[in-house]
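Visitor: Once you've had a glance at the structure underneath, I'll fire off some questions.
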Amino acid sequence: MTPDNDNKTLIALAEKFGESVIESKIDRGDAVAVIAPGAVHDIIAWLRDQHDFKMLADLCGVDYLPREPRFEVVYQLHAMGRGERIRLRVQLGGKAPEVATISDLYPVADWLERETWDMFGIVFDGHPNLKRILMYEPFEGHPLRRDYPIERRQPLIGPRN
Amino acid sequence: MALKPLLGDDNFVTTRLDQVIGWARKFSIFPYPFVTACCGMEYMSLSSSHYDLDRFGAAFPRFTPRQADMLFVVGTISHKIAPLLKRVYEQMCEPKWVVAFGVCTCTGGFYDNYATVQGIDTIVPVDVYIPGCPPRPETVIQGVMMLQEKIANGKQDW
């Protein structure tokens, strides 16, 4: 979709990837693009190599229950040379949300994707070591999902409280 | 050479063994600081010369639980670190006391969530609770004095 603004990166992104860019806009001064789950790896590799977005500033999950598609993964990219930022959002639905890893493009994505897996249960396909990073191994469920009961406790030792 | 009595004929006191041991023990507390969170800042303030914890004989932290007899649990305890806290407690020699420093160790504080232990008394027995977020050094000093009272008045094992 062609953006209705004059952000050069968003225009180039829409021209190059066409239907894979579902929406693009300027949100409170930041360039934002909603992209299709299948194109995540290609788009981010292209932005990194062709548009100098050498830094992955952040990667996180969001749960929009009861909306469907329920989950979002948000990538914040930063072009160090000219100080430009772009935000990419990927909407993921279903009981087993899954998206391609970008840990081969940005080594920092390794731990960020592990955290997103730990907290939201979003699988990053192709990740070399996708296991819990904050919670302990026997922990069941993903605590930042909105349907995780707020009162639920899973102590390693001691009484359940 | 014969020793001269210093206090004349009255140089003796009568007491109970429990009391004299308790009196000695209450001024010889070796704390083990189990510091995990922001209360540690207030613990540093407490340990500095201004508040002078050495008045209570509790100034010298031992960084091995085997040499300590007071476990100072300072800061939020998550379920992940809870087994380590219990293990540190079990390594300490008797007699030993536990002080819960700050509201997170007393009840979990405002961390009423999936990650936090809702009070360390669900894991180890606690002798003195010091509430506050974080507690002022004066509050902690009062807690230490209450612990001294408990030590002095308790039944002593030796």
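Visitor: Quick one: which of A:Leu144, A:Leu112, A:Leu105 is open to solvent by less than 40 Å² (accessible area, probe 1.4 Å), part of a loop (DSSP other than H, G, I, E, B) and modelled with pLDDT of 90 or more?
Guide: A:Leu105
Visitor: Is it the case that region B:89-111 has a residue that's surrounded by fewer than 17 Cβ atoms within 10 Å (Cβ to Cβ) and closer than 16 Å to B:Cys39 by Cα?
Guide: The answer is yes, given that some residue of region B:89-111 is surrounded by fewer than 17 Cβ atoms within 10 Å (Cβ to Cβ) and closer than 16 Å to B:Cys39 by Cα.
Visitor: Give just the number: which of (1) over 22 Å from A:Tyr148 (Cα atoms); (2) touching a Gly at 6+ places or on another chain (Cβ under 6 Å) does A:Arg85 not satisfy?
Guide: (2)
Visitor: Still on this structure, please answer the following. Can you confirm whether A:Ile44 is open to solvent by 70 Å² or more (accessible area, probe 1.4 Å), over 29 Å from A:Asp147 (Cα atoms) and of a type in the set (Val, Ile, Thr)?
Guide: no
Visitor: On the given criteria, is A:Glu140 more than 10 Å from every other protein chain (Cβ to nearest Cβ) and not basic (Lys, Arg)?
Guide: Yes; evaluated as a whole, the condition is true for this residue.
Visitor: Right, something else. Considering only region B:112-158, state which residues are open to solvent by 10 Å² or more (accessible area, probe 1.4 Å), part of a helix (DSSP H, G or I) and among the hydrophobic types (A, V, I, L, M, F, W, C).
Guide: Residues satisfying the conditions are B:Ile141, B:Met145, B:Met146, B:Ala152.
Visitor: Here is a list: B:Thr122, B:Thr107. Which entry is within 9 Å of another protein chain (Cβ to nearest Cβ) and either of a type outside the set (A, V, I, L, M, F, W, C) or at positive phi (or both)?
Guide: B:Thr122
Visitor: Run down A:Gly158, A:Gly121 and say which single residue is crowded, with 17+ Cβ neighbours inside 10 Å, within 9 Å of another protein chain (Cβ to nearest Cβ) and of a type in the set (Gly, Ala, Ser).
Guide: A:Gly158
Visitor: Here is a follow-up. Being within 30 Å of B:Pro83 (Cβ to Cβ) and among the hydrophobic types (A, V, I, L, M, F, W, C) narrows it down to one residue among A:Met55, A:Met135, A:Met80; which is it?
Guide: A:Met135
Visitor: Any residue that is hydroxyl-bearing (Ser, Thr, Tyr) and more than 14 Å from the chain's Cα centre (by Cα) - is there at least one of those in region B:22-34?
Guide: no
Visitor: Consider region B:19-50. How many of its residues are farther than 21 Å from B:Cys106 by Cβ and open to solvent by 40 Å² or more (accessible area, probe 1.4 Å)?
Guide: Adding up the residues that qualify gives 12.
Visitor: Scan A:Ile26, A:Ile35 and give me the residue that is among the β-branched types (Val, Ile, Thr) and surrounded by 16 or more Cβ atoms within 10 Å (Cβ to Cβ).
Guide: One residue alone meets the criteria, A:Ile35.
Visitor: Give just the number: which of (1) modelled with pLDDT of 90 or more; (2) away from chain B (no Cβ under 14 Å); (3) surrounded by fewer than 12 Cβ atoms within 10 Å (Cβ to Cβ) does A:Pro149 not satisfy?
Guide: Status for A:Pro149: all satisfied but (2).
Visitor: With the requirement that a residue be more than 11 Å from the chain's Cα centre (by Cα), touching a residue at least 24 places away in the same chain (Cβ under 8 Å) and more than 12 Å from A:Leu56 (Cα to Cα), what does region A:85-112 give you?
Guide: Across region A:85-112, the qualifying residues are A:Gly93, A:Gly94, A:Ala96, A:Pro97.
The values are calculated or read from the model by the stated rules, or taken from the named source; none is laboratory data. Computed from a predicted structure; not experimentally measured. Note that each Cβ is placed from the backbone with ideal geometry, even for glycine, and that neighbours are counted across all protein chains shown. We work out accessible area using only protein heavy atoms, side chains counted, and drop any ligands, DNA or RNA first. Shrake-Rupley method; radii C 1.70, N 1.55, O 1.52, S 1.80 Å.
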